[in-house]
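As structure tokens, the structure follows; a few thoughts come after it.
The values are calculated or read from the model by the stated rules, or taken from the named source; none is laboratory data. Every value quoted in this text rests on a predicted model; they were computed, and no experiment measured them. Heads up, the Cβs are rebuilt from the backbone with ideal geometry, glycines too, and the neighbour counts pull from every protein chain shown. Just the protein is used for accessible areas: all its heavy atoms, side chains included, with ligands, DNA and RNA removed. Shrake-Rupley method; radii C 1.70, N 1.55, O 1.52, S 1.80 Å.
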Amino acid sequence: MINIIGLGPGEFDYITKLGEKLIYSSNVLIGGKRNLESVKDFKGEKIVLSTNLEEVLEYIKKNVHKSISVIASGDPSIYGIGKYLSNNIDHKSLNIVSGISSLQYIFSKIFVDMNDVYITSSHGKIPDFDYILSHKKVCMVTDNKIGPREICKEIQKRNLNKVIVVGENLSYDNERITIGKAEDILAVEKFEMNVVVILDEK
């Protein structure tokens, strides 16, 4: 069985009990370097996830007889590896265990419900900001090309009144959550790995 397991937003404390149980009963653990380091005392083989997902898929297909767990930050079904693997592996051999996403985490930190939120990402694409910013409540997973600063510039271009929340390194010791208008966010020199919430001003 191939497990795809969401670790939660960062710290291992946020993983589900089922996810933890499956990880430690696996022969092979595949994941990013930081994620693998968060799993302590694993007795099996650890493989650092390549950026070439085809290589990962090829390894899994050649070793389908083994108990393999692929671990990912947050929830693997929200702009994660879950989509790619579920599109390429027989579902009879696949088990996806949801994790607490960075989206869920940041909304809980700012005491805002997730009802009717529009979820999107800027990974590897140019977002349709006219469409995105027409929503009252947005959560965007960002990358190093289109992040908080670029989002704020798009808000200013349209003269919109929005509150922006930037969550960095969520659940880690160096977590930082910055809340402000576009000009406040643009005044911050640099943001580390983050997720952005955009809300209509009340």
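For the range 72-108, how many residues meet the condition of being at positive phi and either surrounded by fewer than 19 Cβ atoms within 10 Å (Cβ to Cβ) or at pLDDT below 90 (or both)?
Residues that pass the stated criteria total 1.
Cβ contacts < 6 Å: first residue within 25 Å of SER26 (Cα to Cα) and of a type in the set (A, V, I, L, M, F, W, C), restricted to the range 92-107; second residue open to solvent by 10 Å² or more (accessible area, probe 1.4 Å) and assigned to a helix (DSSP H, G or I), any location; separation 6+ or different chain. Result?
Partner pairs satisfying both residue conditions: VAL97/LEU18; ILE100/TYR14.
Could you tell me whether the range 178-190 includes any residue that is at pLDDT below 95, closer than 30 Å to PHE12 by Cα and either assigned to a strand (DSSP E or B) or small (Gly, Ala, Ser) (or both)?
Checked the range 178-190: no residue is at pLDDT below 95, closer than 30 Å to PHE12 by Cα and either assigned to a strand (DSSP E or B) or small (Gly, Ala, Ser) (or both).
Quick check on the range 17-31. Is at least one of its residues open to solvent by 40 Å² or more (accessible area, probe 1.4 Å), among the charged types (D, E, K, R) and under 16 Å from the mean Cα position of the chain (by Cα)?
First pass over the range 17-31, keeping only residues open to solvent by 40 Å² or more (accessible area, probe 1.4 Å): 17-18, 20-21, 24-25, 27.
Adding the requirement that they be among the charged types (D, E, K, R) leaves 17, 20-21.
Still in the list and also under 16 Å from the mean Cα position of the chain (by Cα): none.
Scanning the range 17-31 turns up no residue that is open to solvent by 40 Å² or more (accessible area, probe 1.4 Å), among the charged types (D, E, K, R) and under 16 Å from the mean Cα position of the chain (by Cα).
Kindly list, by first and then second residue, each pair from a residue in the range 47-68 that is over 16 Å from ASN88 (Cβ atoms) and of a type outside the set (S, T, N, Q) to a residue that is open to solvent by 40 Å² or more (accessible area, probe 1.4 Å) and not in a loop (DSSP other than H, G, I, E, B), limited to pairs with Cβ atoms under 6 Å and residues at least 6 apart or on different chains.
So the pair list comes out as VAL48/LYS33.
Just the residues that are under 19 Å from ILE15 (Cα atoms) and within 22 Å of the chain's Cα centre (by Cα), please, taken from the range 33-48.
Result: LYS33, ARG34, ASN35, LEU36, GLU37, SER38, VAL39, LYS40, LYS46.
Results for (1) more than 16 Å from ILE81 (Cα to Cα); (2) at pLDDT 95 or above, shown as yes or no for each residue.
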site	(1), (2)
GLU20	yes, yes
GLY31	no, no
ARG34	no, no
GLY44	yes, no
SER50	no, no
LEU53	no, no
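In this structure, is LYS21 closer than 24 Å to ASN169 by Cβ and outside any loop (DSSP other than H, G, I, E, B)?
When the stated conditions are applied, LYS21 does not pass them.
How many of the residues making up the range 152-181 are of a type in the set (Val, Ile, Thr) and either surrounded by fewer than 18 Cβ atoms within 10 Å (Cβ to Cβ) or in contact with a Leu (Cβ under 6 Å, 6 or more places away or on another chain) (or both)? Spell out how you get there, then give the answer.
Our first condition is that a residue be of a type in the set (Val, Ile, Thr); within the range 152-181, this holds for 155, 163-166, 177-179.
Filter once more, so that each one left must be either surrounded by fewer than 18 Cβ atoms within 10 Å (Cβ to Cβ) or in contact with a Leu (Cβ under 6 Å, 6 or more places away or on another chain) (or both): 163, 177-179.
Count: 4.
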